[in-house]
Amino acid sequence: MAKQRALITGITGQDGSYLAEFLLSHGYEVIGMVRRSSTVNFERIKHIQDKITLVTGDLLDEVSLIHMLRDHRPTEVYNLAAQSFVQTSWPQPVFTGETTALGVTRMLDAVRIVDPDIRFYQASSSEMFGKVVEVPQHEDTPFYPRSPYGVAKVYGHWITVNYRESYNMYACSGILFNHESPRRGLEFVTRKISNGVARIKLGLDEELRLGNLDARRDWGFAGDYVEAMWLMLQQDQPDDYVVSTNETHSVREFCELAFGNLDLDYRDYVVMDERFMRPAEVDLLIGDSTKARTKLGWEPKTSFPELVRMMGDADMKLLKEQQR
Ligand code: NAP
Ligand code: G4F
């Protein structure tokens, strides 16, 4: 059988790096799309850079996507690229829409033009449920997005469904709940906490400034979630799936555990800062991933305490190495 070839947009991001590792371990040839920047940004993929092919392209430029598909002829496309930080989507709503919403159409349309048999995965988000109308949230729960990012992801989800129905393409939308790791960007709350705790323990900082401690999320490990992306593209029929742990925890609980792991009390260090509050908050997310578990045979392997511990240990190690 010919070697499977996957193209990943967003390969320099958290999920892209785990997915690339996963696909390489399954014998895939991996093509990664990277956008041009003035400084190289390959920190998360430098350990596998000699095993993958990087090509320049941008979700804002459909011509670049068409060339990339024509030149490399992947069998699967994983569209992970996005402006993915919810908070930034308020000051940059148009850019977020261009990338996170219209970018999906550009990628889907490039696939349709070059080879509509390419299997397509869209990185959709639990942020689409926003001000939730049902608890827990599953594939049929109506969307109520609360940020320009969430609105853009709703567009990305429906355009994926629409291309599947209009052109009979194998296109799937994975509705993934929050997933974290030591590779998470420092601006997201879990990594901000794991990094902040380690810095406090090492005497580099005296406090950690956060926003809403009462927000609740269904947090899993990114390394577990990329398997679900792949499984979605290996089925007889394309479909949409919720991927979640089915547990919810507050930001406060994350703090309690992360500080507690280093024998610290978060109440002595965490300072509430209005700058990190959002104009409209998503208060509670908790998924119901029964469909992914039964149809894909997927389930998360990492518990919440294991995730908090993994991220805390990794940040402590990293900071100690930097101090040497
Ligand atoms: P991430 O770490 O922020 O990575 C985003 C990636 O997108 C980066 O590689 C970035 O490239 C790339 N990118 C941004 N704009 C681009 C453009 N115009 N053209 C090409 N590439 C562009 O995000 P992540 O956590 O890995 O998430 C992956 C995807 O899943 C995103 O679509 C996100 O919205 C979605 N999602 C994430 C979660 C989660 O909890 N992590 C949950 C649900 C859905 P640079 O390195 O050049 O910036
Ligand atoms: O870590 P966050 O920034 O992630 P958020 O907004 O849930 O979005 C992430 O998950 C989505 C899936 O549901 C993805 F689609 C999206 O791309 C991204 O990966 O914030 C989590 C919660 C929020 O309620 C926020 O208000 O933490 C709260 N929070 C409290 N203090 C904070 C802070 N968030 C950040 N980033 N920084 C704070 O200081």
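The values are calculated or read from the model by the stated rules, or taken from the named source; none is laboratory data. Being a predicted model, the structure only gives us computed values, none of them experimental. Cβ: placed from backbone, ideal geometry, glycine included. Neighbour counts: every protein chain shown. Accessible surface areas use protein heavy atoms only, side chains included; no ligands, DNA or RNA. Shrake-Rupley method; radii C 1.70, N 1.55, O 1.52, S 1.80 Å.
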Find the centroid of the Cα atoms in segment 42-74 and in segment 190-263, then give the distance between the two in whole Å.
28 Å
Report R106's accessible area, 1.4 Å probe, all protein chains in place, as a number in Å² to the nearest 10.
40 Å²
What per residue convex hull volume, in Å³, comes out for the chain when only alpha-carbon positions are used?
136 Å³
May I ask for the net charge around D140, where only other residues with Cβ less than 15 Å from the Cβ of D140 are counted and Lys, Arg are +1 while Asp, Glu are -1?
-3
5 Å binning of all Cα-Cα separations within segment 31-99, expressed as whole percents from 0 upward
3, 13, 22, 22, 21, 12, 6, 1
Mind listing the long-range amide H neighbours of A123? Cut-off is under 5 Å, sequence gap 5 or more, other chains count too, H placed in the peptide plane at 1.01 Å from N.
N79
Partner aspartates and glutamates whose C-alpha sits under 17 Å from that of K295, ignoring same-chain residues fewer than 8 away, are E139, D140, D224, E227, D236, D239, D240
In angstroms, what radius of gyration and Dmax does segment 125-204 have, counting Cα atoms only?
17.1, 58
Tell me, what HN-Hα J-couplings in whole Hz come from the Karplus equation 6.51 cos²θ - 1.76 cosθ + 1.60 at θ = phi - 60° for each residue of segment 115-128, using x for Gly and Pro?
6, x, 7, 4, 7, 10, 10, 10, 7, 8, 9, 5, 4, 5
Summing -39500 (n - 2.57) over every DSSP H run of at least 4 in the chain, dividing by its residue total and rounding to the nearest 500, the 222 nm mean residue ellipticity is -11000 deg cm²/dmol
Report, by chain and number, residues whose modeled amide H sits under 5 Å from the one on G287, excluding near sequence neighbours (fewer than 5 apart, same chain).
Q137, T245, N246, E247
For a test of the definition: using alpha carbon positions, the gyration tensor, and the 1.5 limit on a/c, classify segment 19-64 as rounded, prolate or oblate.
oblate
How many percent of the accessible area of segment 220-259 is carbon or sulfur, using a 1.4 Å probe?
41 percent
When the accessible area of segment 51-116 is computed with all protein chains present and a 1.4 Å probe, what percentage of it is carbon and sulfur?
54 percent
Based on the alpha carbon coordinates of segment 219-298, what radius of gyration and maximum Cα-Cα distance (Dmax) apply, in Å?
17.4, 54
Once the other residues with Cβ under 13 Å from the Cβ of T53 are scored (Lys, Arg +1; Asp, Glu -1), what is the net sum?
+1
In whole µm²/s, the translational diffusion coefficient that Stokes-Einstein assigns to segment 167-324, given a Kirkwood hydrodynamic radius over C-alpha pairs, 10 °C and 1.306 mPa s, equals 94 µm²/s
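Indicate the gyration tensor shape class of segment 251-300 (rounded, prolate or oblate), computed on the Cα atoms with a ≥ b ≥ c the square roots of the eigenvalues: a/c under 1.5 is rounded; otherwise a/b larger than b/c is prolate and the rest oblate. Can you show the working numbers first?
Working: a/c = 5.12, a/b = 1.67, b/c = 3.07.
Note, shape of segment 251-300 comes out oblate.
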Averaged per residue, what accessible surface does the chain expose to a 1.4 Å probe, in Å²?
45 Å²
Between R324 and W90, what length comes free when the chain is fully extended (0.36 nm per residue of separation minus the Cα-Cα distance, one decimal in nm)?
80.3 nm
So who's got an amide H within less than 5 Å of the one on F221, skipping anything under 5 residues away but keeping other chains? H placed 1.01 Å off N, in plane.
E180, T302
Kindly flag which residue pairs out of K201/K320; K131/K301; K153/K301; K192/K317 have an alpha-carbon separation exceeding 20 Å in this structure.
K131/K301; K153/K301
Report the far tail of the P(r) of segment 64-190, meaning the percent of Cα-Cα pairs longer than 24 Å.
31 percent
